[in-house]
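So the structure is just underneath, and the comments pick up after that.
The values are calculated or read from the model by the stated rules, or taken from the named source; none is laboratory data. Just so we're clear, the structure is a prediction, and the values are computed from it rather than from any experiment. Note that we place each Cβ from the backbone using ideal geometry, even for glycine, and neighbour counts take in every protein chain shown.
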Amino acid sequence: MASLREIQMRITSTQSTKQITKAMNMVSASKLNRAQGSNANFKPYMTKLQEVISSIAGGTSGATHPMLQVRPVERTGYIVITSDRGLAGGYNASVLRDVYRELKAKHGSTDEYRLYVIGKVGVQFFKARNIPVYSAMTGLNDQPSFVEVAEIVKQTVGAFSEGEIDELKLCYNSFISVISQEVKIDRLLPLGNIEQTASNVMYEYEPEEETILAALLPRYAEGLIYGALLDAKVSEHAARMTAMSNATDNADELIRGLKLKFNRARQAAITQEITEIVGGAAALE
């Protein structure tokens, strides 16, 4: 049976851990609010860009672009978005598990795919399994700007344009609610049929429509990647906030149990002392 001192040390240690998890929960809540704001501010830009592109690609001009054309797939590129730190519940494990399953199920060799990994956790996961990471990016801010991710974004879109990969997939956690995130593995390129948006706006194009399409489609693909990263950051902060909240609750429960154990042990020690005093007094009579 643990001594009173050992129990007291465990209580003190758990209380210290609780203070840390509670502070991390509050920090993640603050970061979540800012990340949601960044995500919401970016969406109108993508909506308008999609509206313009869909009006060209879906119009009567017949404008086309290689990024819209489906071709035989010999090599697939995967952009895998994870975090640089743990303590986020199942945030990283869920997306990495699904990507790993897809790699094993759909590809017979590492020559059939390229991994573009964002986040230290993802890089370490694949390297530990001897899966080559073609390009990695770590150390992103909690509120990343497009400038920070421009290199890997242009690298992946450029790889498709140059024919180095035949399709590009985005793998990330999409934000549903504070307690729920959904793993998505979506095909980004080729864009295929861009969703038609309802709009009463009539556009006049200068120069010709194919020239505009050639300029806008790479920006649109880059925007989709950046938008997914913003969505993933919202999910990360939500997952970490929930994980730290659960850890704080577990610490409270553990402290209550330890205090009860401490009180019982102290009561047993007092009872033992009384018994020994009474027994000693009786022996002296």
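Odds and ends about this structure:
- Extreme residue, surrounded by the fewest Cβ atoms within 10 Å (Cβ to Cβ), among residues of region 123-136 that are aliphatic (A, V, I, L, M) and not in a loop (DSSP other than H, G, I, E, B): A128
- Here S54 clears all of (1) over 16 Å from L230 (Cα atoms); (2) at pLDDT 90 or above except the condition numbered (2).
- Residues within region 195-236 that are basic (K, R) and either modelled with pLDDT under 80 or crowded, with 17+ Cβ neighbours inside 10 Å (or both), tallied: 1
Every residue, every condition in (1) at pLDDT 85 or above; (2) small (G, A, S); (3) not in a helix (DSSP H, G or I), yes or no:
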site: A2; (1), (2), (3): no, yes, yes
site: K18; (1), (2), (3): yes, no, no
site: K22; (1), (2), (3): yes, no, no
site: V70; (1), (2), (3): no, no, yes
site: E74; (1), (2), (3): yes, no, yes
site: S94; (1), (2), (3): yes, yes, no
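- All positions within region 103-122 that are more than 14 Å from D166 (Cβ to Cβ), surrounded by fewer than 16 Cβ atoms within 10 Å (Cβ to Cβ) and either touching a helix residue (DSSP H, G or I) at 6+ places or on another chain (Cβ under 9 Å) or of a type outside the set (A, V, I, L, M, F, W, C) (or both): K104, G108, S109, T110
- Comparison of T64, T60 shows that the only residue that is part of a loop (DSSP other than H, G, I, E, B), closer than 22 Å to A159 by Cα, modelled with pLDDT under 90 and of a type in the set (S, T, N, Q) is T64.
- Top-ranked residue in region 248-262 [being out of contact with any Leu (no Cβ under 8 Å at 6 or more places or on another chain) and touching a residue at least 60 places away in the same chain (Cβ under 8 Å); ranked as farthest from D142 (Cα to Cα)]: K261
- The requirement of being under 29 Å from the mean Cα position of the chain (by Cα), hydroxyl-bearing (S, T, Y) and assigned to a helix (DSSP H, G or I) is fulfilled somewhere in region 246-262, by at least one residue.
- Exactly one residue out of G163, G77, G90 is touching a residue at least 40 places away in the same chain (Cβ under 8 Å) and under 19 Å from Y220 (Cα atoms), and it is G77.
- Sole residue being farther than 30 Å from T21 by Cβ, aliphatic (A, V, I, L, M) and touching a helix residue (DSSP H, G or I) at 6+ places or on another chain (Cβ under 9 Å), chosen from L140, L96, L87, L68: L68
- Residue count for region 127-142, restricted to those that are out of contact with any Gly (no Cβ under 9 Å at 6 or more places or on another chain) and either free of Cβ contacts under 8 Å to residues at least 24 places away in the same chain or not hydrophobic (A, V, I, L, M, F, W, C) (or both): 9.
- Test: K169 is in a strand (DSSP E or B), at pLDDT 85 or above and not small (G, A, S): yes
- Residues (under 15 Å from the mean Cα position of the chain (by Cα) and assigned to a helix (DSSP H, G or I)) located in region 137-148: none
- No other residue among G158, G192, G163 is surrounded by fewer than 17 Cβ atoms within 10 Å (Cβ to Cβ), among the small types (G, A, S), farther than 19 Å from I81 by Cα and at pLDDT 85 or above apart from G163.
- Scanning region 121-155 for residues that are touching an Asp or Glu at 6+ places or on another chain (Cβ under 9 Å) and of a type outside the set (A, V, I, L, M, F, W, C) gives S135, T138, G139, N141, D142, K154.
- Hits in region 151-160 (condition: without any contact (Cβ under 8 Å) to a residue 24 or more places away in the chain and either under 29 Å from A29 (Cβ atoms) or charged (D, E, K, R) (or both)): E151
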